[in-house]
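Below you'll find the structure, written out as structure tokens, and then a few comments.
The values are calculated or read from the model by the stated rules, or taken from the named source; none is laboratory data. Remember, predicted model here, so these are calculated numbers, not experimental data. Cβ placement follows ideal geometry from the backbone for every residue including glycine, while neighbour counts extend to all protein chains displayed. Side chains are part of the model used for accessible areas, which takes the heavy atoms of the whole protein and leaves out ligands, DNA and RNA. Shrake-Rupley method; radii C 1.70, N 1.55, O 1.52, S 1.80 Å.
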Amino acid sequence: MISGTVFDIRRFSIHDGPGIRTTVFLKGCSLRCWWCHNPESQRPRPELILRPERCIVCGACVETCPVGAIRANGQGYVTDRAICDDCGACVAACYADAREMVGRTMTVSEVMAEVLRDTTFYEGEGGVTFSGGEPLLQPEFLLALLQACKARDLHTALDTCGYAPPEALERVREYVDLFLYDLKLMDGERHRRFTGADNDLILRNLERLAATGSRIIVRVPVIPGLNDDPADIAAIGEYVSALPAVERLDLLPYHRMGADKYARLARPDPLPPTDPPPAAQMAELQRQLEAYGLAVKIGG
Amino acid sequence: MPMTKRVARLRQRSLEARPTLSPERALLMTRFYQQETERCSVPVQRARAFAYLLEHKTICIQDDELIVGEKGPAPKATPTYPELCCHSLADLDILNTREKISFAVSPETFQLYADEIIPFWRGKTMREMILREMTPEWIAAYEAGVFTEFMEQRSPGHTVLDDKIYHKGMLDFIAEIDARLASLDYLNDPQAYARQEQLKAMRIAAQALIRFAERHAEHARELAAQTTDPRRKQELERIAAVCEHVPAHPPRDFWEALQYYWFVHLGVTIELNPWDAFNPGRLDQHLEPFYRQGLADGTLTREMAEELLHCFWIKFNNQPAPPKVGVTAAESSTYTDFAQINLGGLKPDGSDGVNEVTYLLLDVIEEMRLLQPSSSIQVSKKSPDRFIKRAARIIRTGFGQPSIFNTDAVIQEMIRAGKSVIDARNGGTSGCVETGAFGKENYNLTGYFNLPKVLEITLHNGVDPRTGKRIGLETGDPRDFASFEALFAAFERQLRYFIDIKIRGNNVIERLYATYMPAPFLSLLIDDCIATGKDYHDGGARYNTSYIQGVGLGSITDSLAALKYHVFEQHTFSMDALLAILADDFEGHQRERQLLLNRTPKYGNDDDYADAIMVRVFETYFNAIDGRPNTRGGRYCIDLLPTTCHVYFGSVIGALPDGRRAWQPLSEGISPVQGMDRHGPTAVLRSAAKMDHVRTGGTLLNQRFAPQVLASDDDLDKLVQLVRTYFRMDGHHIQFNVVDSATLRDAQQHPEQYRDLIVRVAGYSDYFCDLGRALQDEIIARTAHEALA
């Protein structure tokens, strides 16, 4: 049985595609966007996250850790990440859920058992969304999951950053009813800087996909100071409006969720403190993009 | 349409009026019985008392009003019912000074109570009679908080009117009574005389209501003569004309229909204080013909209809629930009196009941934003989505109304309970969530039943650990139970023992009401009391259901799941060790508490392990109660709803195996334990749907959403989908609370800024600032299902 690494399965997901959906988050990402709101999704392996506000200072983690990575510091505990090998022993001992493993290996049938629980809620356009991380980084697992969904006639959506081998995308294409395709910046130089990768592959994949007639919603995160300049938005408007088959463009305003999560992962947040874009600015960007003849929505 | 200036003034006055306790009714009642020298039958005497009240009570017509009449002498001047339960001076002092749900009591009222009212009623009240008749076992269980008793301070109620007053005047009822009196067979029917007295009493009551309306007409004419404002003069003359026509005759137009209902409402709630204010039920169905006809003949516009409805709505808000004493005050701490207006549903022929007046009423609900009346939408598979969406737009504003019911399930419930399909389609829900055949049923809630308390007593071999008294059966030392089955069998025996105590008590109380406290006016209105010549309290209604409302389903499920999983399967603890931890209220056992909270299957997560235990508790409770006979020719049935009783019931229970600390609130309705549903609303709905709602008379499921979850039109479509799916699984009811925790915390800090903040508590809405701290904290603690984790 094919298996893969999943970091979350969220039911009643109402902002990742039409209708009521279950979103399956696959772990591992090919980009390292500064504003990532799911930094725990980036690394392919399961890893430890901490929620110190839940800690009841019982000491079970210190006693359990086989490599001695955890020590008391007076108020709570410090985990030496250089020693910690993410084995998860402390997580099992932490009844207060102050320590959690994010990411676990699941088989296709285990994932499907969860997904199928809400079948009755998927009436109309509801269904399953695969997100991440970048789901195309686990191509065999993703393909098997999509095929299993289609065997049950479930509506499928794929949330992708597009930074994946064209063949991987091509293999899953026929099992995906709707692509939620992220587009961050047209400027290649800054794209490289803010995401760690060139946007050339992303754009070529999107063009190829659009040419096949697949249903596509392009999703643009709006990060103040990084990609919200009217010139950047204009470039996106010009590019997307020239593509066939893009049915809508969603503007996703930056939110601060990521900052908390970096703290839980004990990793530095690459984004300097940033405020969410004001509603008036979002409305202005929406108007700007609509001028290109695009259907534009704020929020997913 | 925005409210007119008149309505804005009336609404503001209603919001600002301070609830007071009015001694008028108590005093009139006392004087009636003091003067009564002629010996007559109990029903006739009750009817004469009713007529005396309506003849002598203060008539109140306020400036700006179009619909007239108050239960007391002024808005929110709340009458008392000393023949049922007479407040002591200490009770009055509590009502006057308590922080929440207070009623101002004047020095004159204290004096009247001390000098006249209390001395006269001492030893004569229903409450005293009831408590005298209860067994020591009943008293012990009642005092321990195993169950509550609804009828010790309020009369049996929970009934709703159908469409009969919209085509029959009181004179028509009198003609029916006279025909029935003429047909009595004194030779062959041994009950003929009893029927005669009941019918005579109903006749007196019908005449009394006509007289009450005439007094309003007279007062309106006086006011019209005095006023210098020509417009108001015209209105007062119209009010007088309306009151001269209804309720004597059937209503001819929209205005008369509303005023007629309002007189009937006042009649029922002045005669006695029936549980859950009487209510008009399927108001959109009843008003639609008058609305259509008014528009057609040009005598009514949508704006006029809306203004009349606004005035009608405000009348409900002027009537706080009768103030209670003792335990009941704690179990149901609210001003709301549970008048739940039903919208939508099905017509008697089975077709969709949503009409133009339905949408008009939804506008009224949104504009009025009042605590009372409450409202619900009745959703069938035939209802259009836009009906649910229209209601969802109101729900989204955080107002907590309307709640949402599954008509198809409600009808199935009634058919299962033996009601005809037509009567079922004409019925609906009232109070919190209770199913009934409107205009034809006496369906009493008889008391809440504390399911987790029974488990606690089982875990102490029949002893209540709070008091050390043995109040239950000796079902064995739980340390000796070899299996979960043995534990569950002990729980089931204990449960049946207490249910038997409750039902025995109920069956005595029903007889006491039938014998000593008939309700001739209410009997007029409910089929088939006239036809059978029997009182509403004595089985005169066509259907007679007694409900016992189970409370704490989530708490008991999670507690049993913890025992099964940790004691009998994983052997995490011995029973002895777990009981010791509970006795310590988890002091020094934080880690064990976290294990119970976070490493145990929990109801509300679509987890079959926990949900199977929930279903088992449901079936056990059902089997202990359903189908047993009451004394009115009807049967017992279960309901699962708490009002606010889960707070009181929690306050009598020590720590539970689910990790709940001592004296904290229990779970409410069929909702999961607060904060324990961690897989979102679809998982909650799937868990809740695993019980067979159709075999209940109502279940209550509360879901809270942060406002942003319902921000867009798309989101509302998803809410509609959520509701439709739950109802496809036969869910009975769902309600949505749309607020965020930060708002509520701020409201706790600055209550003065949130006087208008209404939240859904359980089966009803209430002002957040009027809730006790524990209930406020609980509402904050409930998981807000954020779309983003």
*If a/c stays under 1.5 just call it rounded; otherwise compare a/b with b/c (prolate if a/b is bigger, oblate if not). Do that for the range B:114-247, with a ≥ b ≥ c from the square roots of the Cα gyration tensor eigenvalues.*
oblate
*So what is the calculated 222 nm ellipticity per residue for chain A, using -39500 (n - 2.57) for each DSSP H run with n of 4 or more, over all residues, to the nearest 500 deg cm²/dmol?*
-9000 deg cm²/dmol
*Which value, in Å² rounded to 10, gives the accessible area of B:Tyr543 with a 1.4 Å probe and all protein chains present?*
30
*How high is the FRET efficiency between B:Arg18 and B:Thr228 when r is their beta carbon distance and R₀ equals 35 Å, given to the nearest 0.05?*
0.70
*Give me the accessible area per residue for the range A:47-102, probe 1.4 Å, as a whole number in Å².*
50
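How far, in nm, would the chain grow between B:Glu214 and B:Ser712 when pulled straight, counting 0.36 nm per residue and subtracting the alpha carbon separation?
Here the answer is 174.1 nm.
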*asked:* For the full complex of protein chains and a 1.4 angstrom probe, list B:Thr37, B:Thr148, B:Thr397 by accessible area with the highest value first.
replied: B:Thr37, B:Thr397, B:Thr148
*What total accessible surface area, summed over both chains, is buried at the interface between chains B and A, computed with a 1.4 Å probe and given in Å² to the nearest 100?*
2500
*Measure nothing fancy, just the Cα-based angle from helix B:713-728's long axis to the longest principal axis of chain B, in degrees from 0 to 90, nearest 10.*
80
*To the nearest whole number, what is the average tally of beta carbon atoms from other chains within 10 Å of the beta carbons of peptide A:2-14?*
4
*Sorting B:His566, A:His37, A:His155 by accessible area (1.4 Å probe), largest first, what list results?*
A:His37, A:His155, B:His566
*asked:* I'd like the FRET efficiency for A:Lys150 and B:His571, computed as 1/(1 + (r/R0)^6) with the beta carbon distance as r and R0 of 45 Å, rounded to 0.05.
replied: 0.50
*For chain A, with a Gaussian network of springs between Cα atoms less than 10 Å apart, report the residue from A:Arg215, A:Arg54, A:Arg21 with the top mean-square fluctuation.*
A:Arg54
*Each label point is 7 Å from the Cα along the Cα-to-Cβ direction; what then is the distance between the points at A:Asp229 and A:Ala211, in nm?*
3.1
*Determine the shape class of the range A:47-102: with a ≥ b ≥ c the square roots of the Cα gyration tensor eigenvalues, call it rounded for a/c under 1.5, and otherwise prolate if a/b is greater than b/c, oblate otherwise.*
rounded
*So what does B:Val42 come to for accessible area, using a 1.4 Å probe and Å² rounded to 10?*
60
*Could you name the lysines in cross-link range of A:Lys184, using Cα to Cα under 27 Å and dropping any fewer than eight places away on the same chain?*
A:Lys27, A:Lys261, A:Lys297
*the range B:118-216 - percent relative contact order, Cα under 8 Å, separation 6 or more*: 21
_Cα gyration tensor shape for chain B, rounded if a/c is under 1.5, else prolate or oblate_ = prolate
*Can you tell me the relative contact order of chain A? Whole percent, Cα pairs under 8 Å, sequence separation 6 or more.*
19
*Using a probe of 1.4 angstrom, how much of the accessible area of the protein assembly as shown is carbon and sulfur, in percent?*
52
*As a check on your grasp of the helix formula, calculate [θ] at 222 nm for chain B: sum -39500 (n - 2.57) over DSSP H runs of n ≥ 4, divide by the residue count, round to the nearest 500.*
-15000 deg cm²/dmol
*Please report how far the C-alpha centroid of the range B:418-452 lies from that of the range B:222-288, rounded to the nearest whole angstrom.*
27
*asked:* Using only the heavy atoms of the protein chains and a 1.4 Å probe, how would A:Tyr239, A:Tyr181 rank by accessible area, largest first?
replied: A:Tyr239, A:Tyr181
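How long is the gain from B:Arg393 to B:Met3 if the chain were fully straight, where each residue apart is worth 0.36 nm and the alpha carbon distance is subtracted?
Stretched fully, the B:Arg393-B:Met3 segment lengthens by 138.5 nm.
Give the average, rounded to an integer, of partner chain Cβ atoms located within 10 angstrom of each Cβ in B:677-688. Could the numbers behind the result be given before it?
On the way: counts 0, 0, 7, 8, 5, 10, 4, 2, 4, 5, 0, 0.
Across B:677-688, the average partner-chain Cβ count within 10 Å equals 4.
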*Excluding ligands and nucleic acids, what accessible area in Å² is computed for B:Tyr33 using a 1.4 Å probe, to the nearest 10?*
50
_Running a GNM on chain A with Cα contacts under 10 Å, which residue among A:Arg264, A:Arg11, A:Arg71 ends up with the highest mean-square fluctuation?_
A:Arg71
_Label-point separation, B:Asp528 to B:Arg98 (7 Å along Cα→Cβ), nm_ = 4.3
*State the extension gain, in nm to one decimal, for the chain segment bounded by B:Asp692 and B:Val463, taking 0.36 nm per residue of separation less the distance between their alpha-carbons.*
79.2 nm
*asked:* Using only Cα atoms and rounding to the nearest 10 degrees, what angle (0 to 90) does helix A:230-242 make with the longest principal axis of chain A?
replied: 60
_If I model a spin label at B:Glu38 and B:Leu89 as a point 7 Å from the Cα along the Cα→Cβ vector, what separation in nanometres do I get?_
3.7
*Of A:Phe7, A:Leu243, B:Leu272, which is farthest on the positive side of the dipole of the protein assembly as shown, counting Cα position, with +1 on Lys and Arg Cβ, -1 on Asp and Glu Cβ, and the Cα centre as origin?*
B:Leu272
*What accessible area per residue, rounded to a whole number of Å², is obtained for chain B using a probe radius of 1.4 Å?*
32
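Mind putting a number on the dipole of the protein assembly as shown about its Cα centre? Charges go on the C-beta only, +1 for Lys and Arg and -1 for Asp and Glu, and I need it in Debye to the nearest 20.
Roughly 640 debye for the protein assembly as shown.
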*Using a Förster distance of 41 angstrom, determine the FRET efficiency expected from the C-beta separation of B:Ala781 and A:Asn73, and round it to 0.05.*
0.85
*Loop sites in the range B:49-147: GluC sites (Glu not before Pro), DSSP, at most 16 other Cβ within 10 Å*: B:Glu99
